[in-house]
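Each value in this text was obtained by applying a stated rule to the coordinates, not by laboratory testing. None of the values given here were measured: they were computed from a predicted structure. Glycine also receives a Cβ, built like all others from the backbone with ideal geometry; neighbour counts cover every protein chain displayed.
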Amino acid sequence: MTARASEAIAVLRVHGSSDAEIEEQARHLGIALTLSELRLIAERLGRDPTVVEAHAFDAQWSEHCSYKSSRHLLSRLPTEGPTVMLGPKEDAGIVHLGEWKGESYGIVIAHESHNHPSQVVPFEGAATGIGGIVRDVLCMGAHVIAVGDPLRFGTYRAAHPRYVAQGVVDGIAAYGNAIGVPNIAGDIYFDAGFDDNCLVNVVALGLVKEREIIHSFAPPDAAGWDIVLVGKATDRSGFGGAAFSSLVLDEEDAQQNKGAVQVPDPFLKNVLMRASYRAFEAVHAAGLTVGFKDLGAGGIMGCTAEIVASGGFGATIDLDACPTSQPNLPPAVIAVGETQERLTWVVPPSFTPALLAIYNEEFTLPQIARGACAAVIGKVEASSEYVLRHQGEEVMRVPIDFLTGGIRYERPYTPPAPRRVFAEGEATSVPADGAQTRRFDDLLERILSHHDVCSRKPVYERFDSVVRGTTSIPCGYADAGLIVPIPGAPLAAALAVDGNPRYAKLSARLAAEHAVLESVRNVVAVGTRPAGLTDCLNFGNPQNPEHLGELVVSIDGLAHAARELGVPFVSGNVSLYNVSANGNAIPPSAIVACVGTTADISKTANAAFKEAGSTLFLLGEARAHLGGSVVADILQLRKTELPAIEYARVRAEIACLLRAFDRGLVLAAHDISDGGLLAAIAEMAFASRPYGLIGAEVEDSELWAPDVVHIAAYFGEAQGFVCEVNDRAAFEALARETGAAHSVIGRTIDRPELHLKLTGDRLDLHRLHEVWSAPLRDFYEDVVA
């Protein structure tokens, strides 16, 4: 940048300014860069940064974009394996699905967070979270086939957390339903630890042929190619969004924070998706290798800088060529604003007219939304500089590797100490076994009505889980959703998401391990083989050594579990600063998603009991652990340790169940998790209602080890799977063959009751279903802003 140009535009004055003066300028401009970072930028540039450059670095060097406090930690995760088609190098990862008619297919998966925006503006924040994750998958050249949503909300009955929860669910439903993508998986926890900071994590799946993957970087021969912006006209919404997502929320900044949240337009996205599918066809028909990337954090600047830098290039962008919703937008807003529903292509000039025609003429973007279109906004340059022009002036010229390389911090951390959950004087141990050989009906009802166990139907019924007709197992019928994405093919993919805040309060590391284990077991429970994992790491302030320590040990836990189970991570996201202005951080929340695949949809099953007279097995064994369990919460048992995972045992259980599915022995399976064994059996019975309510008779003769009291066996959460089996002898032989612990625990019956032989209780399943269904039935009543 010439000295003359520098004088003609606004700058953030660093040279010759005091620390206080620099910080005041940054505060006035809404820039979150630290004093040392601003001085580093000025030193490297050899001059004061322009205001546009300051905003650009503010976005690119934020935690949200650069992972400056966590990138070095993420290298600990395993990312390779035979199921990986593309690891965590781009906006989404890809796992192998299988072969069909001579083509190799992959499942694309991406996992993101939109926590801060959803806490501030729940509907729009959650909706744009779905919009962003869909773009991440779309830009790999994939057809979007499913979404999922792990959610964490505050105290259910408290006014504001409830308002946030309602708005988030409505935002997800409004966007996902409008774009016509089924929502097949998710989970919800309510906990006071999320009163000030909800978590809205989102997952999306796509389908792509391996030979048709499109990458998010400029190809090796791209110098001189066109940079084409597609989608909504740029507006003021989302300006400063990346930096906002990397700061502690403060009520005093509420209005400014709302302005940093984007505005969704799912109807435009629907058209953009279909137009992009058509563009994929044209690209492949022309035999081209191109670049394609979504505009997320950092807006036009962030997307165009990353797509060319990843290919080893620079770029020149003309901000005057960028369609805007109104005249005279400041150049910083055009460059960095995070307006939704936008994408960027890098294509050879010879293909540009065809690409523009697809979006502007064939799919008539300008008629769908005012100002929407496809437009050439710049060129890929052989140089290593990134340049923005506005009204004839250079408002930005920086080394592109300096801009996109970010900054790295290896901050000090303190490994977390064990947490105390209950106060002194409360119950500290499991009641003696003799006290538990009584009726369990009251305790089971309390567990089924617990906010972590009760039916989520009032939430997931807002989402369309069967649109497009490819869903085999929708929400509410199994531990994982299952989709059959290729017409006529038997190939199927499952999706499950997990992460338990009760566990996180006891041990961040073990909670992370259990999240991996639970997500893996959930896709296995429908008959699919785990192919890949993603994570969204939601934690507090990385500048707080204790908060950062929780992140460090959680990543170690994820890595250990993934290696033990042989399932790699292919994508992920980090969301930090989930802490309120008073310093209260959320429970450390490593949320894990798992994709499972199968070559034969006929060898899968949902969790519903199928017929009376089947044998019920516990695949696994009862253990004397209640730490972190729902029953421990209800009885206020102070357990400061989660059970360690016996991976050899788990691997044997998984191998046994998958082989049993392959041999047609399994009618239904359900992972034992929140609420324990009896809750799992009850949920399998509830799911059988469409077939005619099928009950169960529960024995205990083979279930108990000598040191396991009945309350732990019935309600502990460290066990395995409940399996409905059609051939007892064959299943037992298979379990012995694989070395899996197993016990017959009963049989299904043609009466709507849960018969506990231990106590003689005959629990009415209609009554239990009502108890389980009631707690969230009023989810949408008494909306309080």
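Exposure proxy check: Cys65, Cys594 ranked by fewest other beta carbons within 10 Å? Before the final figure, lay out the partial values.
Numbers: Cys65 21, Cys594 30.
Starting with the residue having the fewest Cβ neighbours, the order is Cys65, Cys594.
Considering amide H positions built from the backbone, and no H for Pro or chain starts, which residues 5 or more places from Val579, or on another chain, come under 5 Å of its amide H?
When sequence neighbours closer than 5 places are left aside, the close amide H contacts are Leu249.
What is the angle, in °, between the Cα long axis of helix 266-285 and the longest principal axis of the Cα atoms in the chain? Nearest 10 is fine, range 0 to 90.
80 degrees
Please label the shape of the stretch 635-687 as rounded, prolate or oblate, based on the square roots a ≥ b ≥ c of the eigenvalues of the alpha-carbon gyration tensor (a/c under 1.5 means rounded; beyond that, a/b larger than b/c means prolate, else oblate).
Numbers: a/c = 5.81, a/b = 1.38, b/c = 4.21.
Here the stretch 635-687 falls in the oblate category.
What is the distance in Å between the Cα centres of the stretch 286-337 and the stretch 586-658?
Computed from Cα coordinates, the inter-centre distance equals 45 Å.
Just rank Ile109, Ile749, Ile94, fewest to most, by other beta-carbon atoms within 10 angstrom. Kindly include the intermediate steps, with their values, before the conclusion.
On the way: Ile109 32, Ile749 18, Ile94 29.
Ordered by Cβ neighbours within 10 Å, fewest first: Ile749, Ile94, Ile109.
Please report, largest first and rounded to whole Å, the three semi-axes of the ellipsoid equivalent to the stretch 569-652, where each semi-axis is the square root of five times an eigenvalue of the C-alpha gyration tensor.
Working: eigenvalues 219, 114, 42 Å².
The answer is 33, 24, 15 Å, longest axis first.
Can you give me the relative contact order of the stretch 3-63 as a percent, contacts being Cα pairs under 8 Å and 6 or more apart? Please list the in-between numbers first.
Working: 47 pairs, mean separation 25.4, N = 61.
Computed over the stretch 3-63, the figure is 42 percent.
So what is the calculated 222 nm ellipticity per residue for the chain, using -39500 (n - 2.57) for each DSSP H run with n of 4 or more, over all residues, to the nearest 500 deg cm²/dmol?
Numbers: 28 runs with 267 residues, N = 785.
It lands at -10000 deg cm²/dmol.
I want to check the label-to-label distance for Ser18 and Glu770. Put each point 7 Å from Cα in the C-beta direction and report it in nm to one decimal.
7.3 nm
Using 7 Å Cα-to-Cβ label points, what is the Asp662/Asn328 separation (nm, one decimal)?
Roughly 7.0 nm, to one decimal.
When only Cα pairs under 8 Å and 6 or more residues apart are kept, what is the percent relative contact order across the stretch 558-703?
Details: 89 pairs, mean separation 44.0, N = 146.
So the answer I get is 30 percent.
Residues with beta-carbon under 11 Å from that of Leu77, excluding Leu77: net charge, scoring Lys, Arg +1 and Asp, Glu -1? Mind showing how you got there, number by number?
Numbers: positive: Arg76, Arg563; negative: Glu80, Asp535, Asp556.
With Lys, Arg at +1 and Asp, Glu at -1, the net is -1.
Would you mind calculating the gained length between Phe267 and Ala192 on full extension (0.36 nm times residue separation, minus the Cα-Cα distance), in nm to one decimal?
On the way: separation 75, 0.36 × 75 = 27.00 nm, distance 3.54 nm.
Net length gain for the segment: 23.5 nm.
How many percent of the alpha carbon pairs in the stretch 1-157 exceed a separation of 23 Å? Each step should come with its number before you reach the end.
Details: 7241 of 12246 pairs.
Value for the stretch 1-157: 59 percent of Cα pairs lie more than 23 Å apart.
Roughly how many nanometres apart are two label points built 7 Å out from the Cα toward the Cβ at Ala382 and Glu564?
5.5 nm
Please identify every one of the chymotrypsin sites (Phe, Trp or Tyr not before Pro) in the stretch 638-692 that sits in a loop by DSSP and has no more than 15 other beta carbons within 10 Å of its own beta carbon. Write down the numbers at each step before the final one.
Working: sites: Tyr647, Phe661, Phe686, Tyr691; in loops: none.
Those that pass, being in a loop and sparsely packed, number zero.
If I take R0 = 41 Å and measure r between the Cβ atoms of Val466 and Asn584 in this structure, what FRET efficiency does the formula 1/(1 + (r/R0)^6) give, to the nearest 0.05?
Details: r = 40 Å, r/R0 = 0.97.
Plugging the Cβ-Cβ distance into 1/(1 + (r/R0)^6) gives 0.55.
Quick one: in the chain, what % of C-alpha pairs are over 51 Å apart? Could the numbers behind the result be given before it?
Details: 46904 of 307720 pairs.
Percent of Cα pairs beyond 51 Å in the chain: 15.
Efficiency by 1/(1 + (r/R0)^6): what FRET value for Thr364 and Arg236, r their Cβ-Cβ distance, R0 = 25 Å, to the nearest 0.05?
After rounding to 0.05, the efficiency reads 0.45.
Find the relative contact order for the chain and round it to a whole percent, using C-alpha pairs within less than 8 Å whose residues are 6+ positions apart. Provide the component values of the computation, followed by the final result.
Numbers: 1966 pairs, mean separation 120.0, N = 785.
The value is 15 percent.
Please get the size of the charge dipole for the chain, origin at its Cα centre, with Cβ charges of +1 on Lys and Arg and -1 on Asp and Glu, quoted in debye to the nearest 20.
Values: 64 positive and 97 negative charges, 175 e Å.
It comes to approximately 840 debye.
Would you work out if the stretch 533-573 is rounded, prolate or oblate? Take a ≥ b ≥ c from the square roots of the eigenvalues of the alpha-carbon gyration tensor; rounded if a/c is under 1.5, else prolate when a/b is larger than b/c, oblate otherwise. Let's see the in-between values first.
Numbers: a/c = 4.55, a/b = 1.91, b/c = 2.39.
The shape class here is oblate.
For q values of 0.14, 0.18 Å⁻¹, compute log₁₀ I(q)/I(0) with the Debye formula on a Cα-only model of the stretch 3-63, without solvent.
-0.33, -0.55
Work out the length of the dipole vector of the stretch 605-785 about its Cα centre, built from +1 on the beta-carbon of each Lys and Arg and -1 on the beta-carbon of each Asp and Glu, and round it to the nearest 20 debye.
Values: 17 positive and 28 negative charges, 65 e Å.
Magnitude of the dipole: close to 320 debye.
So how do Ser384, Ser237, Ser773, Ser507 line up by other beta-carbon neighbours within 10 Å, fewest first? Write down the numbers at each step before the final one.
Values: Ser384 13, Ser237 22, Ser773 16, Ser507 25.
Result, fewest neighbours first: Ser384, Ser773, Ser237, Ser507.
Among rounded, prolate and oblate, which fits the stretch 605-785 when a ≥ b ≥ c are the square roots of the eigenvalues of its C-alpha gyration tensor, a/c under 1.5 means rounded, and a/b larger than b/c means prolate?
oblate
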